[in-house]
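Working notes, structure below.
The values are calculated or read from the model by the stated rules, or taken from the named source; none is laboratory data. The shown structure was predicted, so the numbers you read here are calculated from the model rather than taken from an experiment. Virtual Cβ from ideal backbone geometry, glycine too; neighbours counted across all protein chains shown.
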Amino acid sequence: MAKTPPAKTIMQEGLWIENPVLRHTLGICSTLAVTNLMVNTLVMNIGLIFTLSMSCTTVSILRNITPMRIRMMVQTLIISSYVIIFDIFIKGYLPDISEALGPYVGLIITNCIVMGRCEAFARNNLPLPSFLDGLAVGIGYSLVLFGVAFVRELLGFGTLFGFQIMPEAFTPWTIMIMPPGAFFTLALYVWLARTYFMPADKGMVELRVKG
């Protein structure tokens with residue numbers, strides 16, 4: 001078993017250095033689909049953080065008794081269980097938001113971020129570090145979604161969390177509530193983060209040096 005990194009390193013990598021959206025361009029379907037309104041994004045983020053952190057913890061707890069040949073099926077079952085719990089909760093207490101999110105809550109089951117962290121980290125590490133890894137990656141994912149949703153709702157509707165922010169004379173940018181608006185906004189964030197704020201990828205640095 002590889003040496004478990006310290007909690008600070010786990011949090012830093014999940015939140016920013018190895019951010020799943022900005023660094024690895026994962027979870028794009030939900031990033032583009034549920035970010036037209038901040039409230040929808042908030043609920044989706046809570047679901048992803050809950051599912052990711054609890055799934056990673058459970059996979060870690062069961063790592064020594066799960067046969068290797070069926071581990072992917074076991075991980076999928078674990079993830080599905082937490083997604084169903086969350087889906088039942090929002091259908092019972094937030095039916096309007098549940099309807100607005102449609103199938104995207106269920107698609108958390110197949111979200112490559114969740115399965116990736118269970119497979120890459122949780123099955124090789126203790127429960128607490130696995131929980132922290134899932135929590136950090138989930139929050140890092142959520143920060144990007146909030147950033148995209150902030151721009152899209154503000155420019156597309158003139159509101160934030162349903163409250164009017166822009167003046168009455170403001171003309172909403174219809175494109176921002178359509179799929180192209182999500183693509184443009186996310187692409188801008190990825191470009192800014194990778195160019196000015198995130199540490200360069202080692203392979204890219206070596207390529208630049210050789211060039």
Could you please find all residues in the range 54-97 being surrounded by 14 or more Cβ atoms within 10 Å (Cβ to Cβ), not hydroxyl-bearing (S, T, Y) and not in a helix (DSSP H, G or I)? L62, R63, L94
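Just wondering, is there one or more residues in the range 123-135 that are part of a loop (DSSP other than H, G, I, E, B), at negative phi and not charged (D, E, K, R)?
Restricting attention to the range 123-135, the residues satisfying the condition of being part of a loop (DSSP other than H, G, I, E, B) are 125-126.
Right, trim to at negative phi and you get 125-126.
Imposing the further condition that a residue be not charged (D, E, K, R) reduces the set to 125-126.
Checking the range 123-135: at least one residue is part of a loop (DSSP other than H, G, I, E, B), at negative phi and not charged (D, E, K, R).
Part of a loop (DSSP other than H, G, I, E, B), β-branched (V, I, T) and under 20 Å from C118 (Cβ atoms): does that describe T51? So that I can check it myself, show each step before the final result.
Values: part of a loop (DSSP other than H, G, I, E, B): no; β-branched (V, I, T): yes; under 20 Å from C118 (Cβ atoms): yes.
No; evaluated as a whole, the condition is false for this residue.
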Against the definition (free of Cβ contacts under 8 Å to residues at least 40 places away in the same chain and either of a type in the set (V, I, T) or under 30 Å from K3 (Cα atoms) (or both)), how does I175 come out, yes or no? yes
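Only one of T159, T174 is modelled with pLDDT under 95 and of a type in the set (S, T, Y); which?
Numbers: T159 fails: modelled with pLDDT under 95.
From the options T159, T174, the qualifying one is T174.
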If D87 passes every condition in (1) closer than 28 Å to T174 by Cβ; (2) in contact with a helix residue (DSSP H, G or I) (Cβ under 7 Å, 6 or more places away or on another chain); (3) of a type outside the set (A, V, I, L, M) but one, which one does it miss? (1)
Selection count where residues are buried (at least 21 other Cβ atoms within 10 Å of the Cβ) and in contact with an Asp or Glu (Cβ under 7 Å, 6 or more places away or on another chain), scope the range 103-121: 3
Can you say whether F89 is under 15 Å from I49 (Cβ atoms) and out of contact with any Leu (no Cβ under 7 Å at 6 or more places or on another chain), as far as the supplied structure shows? yes
If you check N36, N40, which single one turns out to be assigned to a loop (DSSP other than H, G, I, E, B), within 30 Å of I165 (Cα to Cα) and touching a helix residue (DSSP H, G or I) at 6+ places or on another chain (Cβ under 8 Å)? N36
The one condition A100 fails out of (1) surrounded by fewer than 17 Cβ atoms within 10 Å (Cβ to Cβ); (2) in contact with a Cys (Cβ under 9 Å, 6 or more places away or on another chain) is (2)
